[in-house]
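Asks: What follows is a structure written as structure tokens; I'll ask about it next.
The values are calculated or read from the model by the stated rules, or taken from the named source; none is laboratory data. These figures come from a predicted structure and were not determined experimentally. Cβ sites come from the backbone with ideal geometry, for glycine too, and all protein chains shown count toward neighbours. The accessibility values were calculated without ligands, DNA or RNA, using every heavy atom of the protein model including side chains. Shrake-Rupley method; radii C 1.70, N 1.55, O 1.52, S 1.80 Å.
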Amino acid sequence: MGDNCEIGFPVGDSAGFQGNSFIELPGNLLPHINSQSEEIIILTFATQASDGLLFWHGQTPETDGKGQDYFAIAIVDGYPVLSFELGSGPASITARYRVDDGEEHTIVATRTGQRGTIEVDTIVLEA
């Protein structure tokens with residue numbers, strides 16, 4: 001919450017978004033313990049917006065993000081995109097399934113080492 005996402009907000013089972021909102025987890029919840037640790041984020045959402053950030057795990061707004069680790073889920077031109085950088089260069093996977101139709105959709109994003117997958121309503125794409 002806040003103009004620069006500087007105010008933490010605990011999220012239980014659901015969250016509502018308006019304007020420029022997104023979910024951010026503290027670093028200790030996804031610590032990237034080693035390259036073989038699997039990280040899974042599951043989001044169920046409905047949107048009519050064609051662009052927006054749904055999930056961000058990375059630097060705070062005051063930190064220069066260049067070359068830093070991150071894990072993000074966004075909607076770009078109506079399509080879900082999983083992006084991450086964990087030391088070996090950025091990776092990005094774009095689903096070929098539009099989700100900006102106002103209907104409920106579920107994204108399952110998984111990252112293990114340099115491999116990532118994004119599942120949208122049970123359609124799996126890998127990188």
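Asks: If I filter the range 108-115 for residues that are within 20 Å of residue 47 (Cα to Cα) and either surrounded by 13 or more Cβ atoms within 10 Å (Cβ to Cβ) or out of contact with any strand residue (DSSP E or B) (no Cβ under 9 Å at 6 or more places or on another chain) (or both), do I get at least one hit?
Replies: The answer is yes; a qualifying residue exists.
Asks: Pull up the range 90-106, narrow it to residues that are over 11 Å from residue 46 (Cα atoms) and not basic (Lys, Arg), then point me to the one that is most open to solvent (accessible area, probe 1.4 Å).
Replies: Step one: list which residues in the range 90-106 are over 11 Å from residue 46 (Cα atoms), which gives 90-98.
Retained after the next criterion (residues that are not basic (Lys, Arg)): 90-95, 97.
Numbers: 90: 102, 91: 26, 92: 77, 93: 11, 94: 74, 95: 4, 97: 81 Å².
This residue is 90.
Asks: A follow-up question, please. Give the residue, chosen from 25, 53, that is over 16 Å from residue 115 (Cβ atoms) and modelled with pLDDT of 70 or more. Please lay out each step first, then the result.
Replies: Numbers: 25 fails: modelled with pLDDT of 70 or more.
Criteria check complete, one pass: 53.
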